[in-house]
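Peer 1: Structure below; questions to follow.
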Amino acid sequence: MFQQFGKWGFIAPRDIGLFLRSARTDTTLADLRTTVGQQAAFDTVYASGDPWASSDPRYFYQRRKYEVLAGLVPDRRFSRALDLGCGHGNLARKLAAKADSVLGVDIAGVAMEQAAITHADVPNLRFEQGDALDLPARYDGQFDLITIADMIYYLPPPIEDAWLKDLATSVARLLSPGGILLLANHYVYARDKDSRMSRRIHDAFSWSPSLRVVSQHRRPFYLVSVLAG
């Protein structure tokens, strides 16, 4: 039995298990980052298989979220798409129906190896290990579609407003003229600490002189901004 929240939001009672599992992974990741560093921490949690249960068939919420995000991408054919912080590549796979080629990038090399195996049947989709804060110059201006879903708040702290604005400028450089950026982050309610972080992220990208807000959307339990370069 599903409970509906608005036009696009659905959640099943069993999805509570997804949120609990994600919270445990976040705690483990935070502890690891203080001892082994950013990349090794992510590799460690992905070594368990599916740390945020994004591919677990028992949970409806995450699958539906990827469907919604792909549906919010403007209805046109894209040349080159980038899913930054792609994890196991489930959103990147959906983008492959909208773009001639799709690149999924994540700091976790373990996740990239797993994603390449899982999605080997999609010929226009490939994966590459990379740090969102240190992307190669060859990426600049190469993508007419970029998605960043639930990644920025996992970057190394402190995540301050000025730093977020710099990040928005860096990401905008990756877009070709007229390209589209879709940004999605967890959002529950305005006073929730994580939701405040998400609001700051979206405000920083909306502020960027290099980006123009096309639309914004609230869904249970996330916030989406669609911006154009």
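Bear in mind that the values in this text are calculations on the coordinates, not laboratory data. The shown structure was predicted, so the numbers you read here are calculated from the model rather than taken from an experiment. Positions of Cβ are generated from backbone atoms using ideal geometry, with glycine treated the same way; all protein chains shown enter the neighbour counts.
Peer 1: Per q in 0.14, 0.16, 0.24, 0.26 1/Å, what log10 I(q)/I(0) does a Debye calculation on the alpha-carbon atoms of region 106-153 return?
Peer 2: -0.42, -0.55, -1.16, -1.24
Peer 1: Hey, how many Å between the Cα centroid of region 170-209 and the Cα centroid of region 118-152?
Peer 2: Region 170-209 and region 118-152 have Cα centres spaced 17 Å from each other.
Peer 1: Could you list L125, L167 in order of exposure, starting from the residue whose Cβ has the fewest other Cβ atoms within 10 Å?
Peer 2: Numbers: L125 23, L167 20.
With the sparsest Cβ surroundings first, the list reads L167, L125.
Peer 1: If you filter region 128-194 for trypsin sites (Lys or Arg not before Pro), then keep DSSP loop positions with at most 16 other Cβ within 10 Å, what is left?
Peer 2: R173, R191
Peer 1: Treat every Asp and Glu Cβ in region 61-228 as -1 and every Lys and Arg Cβ as +1, leave all other atoms uncharged, and give the resulting dipole magnitude about the Cα centre to the nearest 20 debye.
Peer 2: Using Cβ point charges on Lys, Arg, Asp and Glu, region 61-228 gives about 660 debye.
Peer 1: Given a Förster distance of 25 Å, report the FRET efficiency between V122 and S170 from their Cβ-Cβ distance, rounded to the nearest 0.05.
Peer 2: 0.35
Peer 1: Now for a different question. To the nearest 500 deg cm²/dmol, what mean residue ellipticity at 222 nm is calculated for the chain from DSSP H runs of n ≥ 4 alone, each contributing -39,500 (n - 2.57), summed and divided by the residues?
Peer 2: Rounded to the nearest 500, it is -11500 deg cm²/dmol.
Peer 1: Quick check for the chain: number of Lys pairs with alpha-carbon distance under 24 Å, counting only pairs 8 or more apart or on different chains?
Peer 2: Taking the chain as the scope, the lysine pair count is 7.
Peer 1: Here is a further query. Taking the number of other C-beta atoms within 10 Å as the exposure measure, put L20, L29 in order starting with the fewest.
Peer 2: Exposure proxy ranking, most exposed first: L20, L29.
Peer 1: As a test, work out the antiparallel percent of DSSP beta bridges whose residues both lie in region 61-228, rounded to the nearest 5.
Peer 2: Counting DSSP beta bridges with both partners in region 61-228, the antiparallel share is about 45 percent.
Peer 1: To make sure I understand, if each residue's beta carbon is the centre and we count other beta carbons within 10 Å, what order do I152, I180 fall in, fewest to most?
Peer 2: The fewest-first ordering by Cβ neighbours comes to I180, I152.
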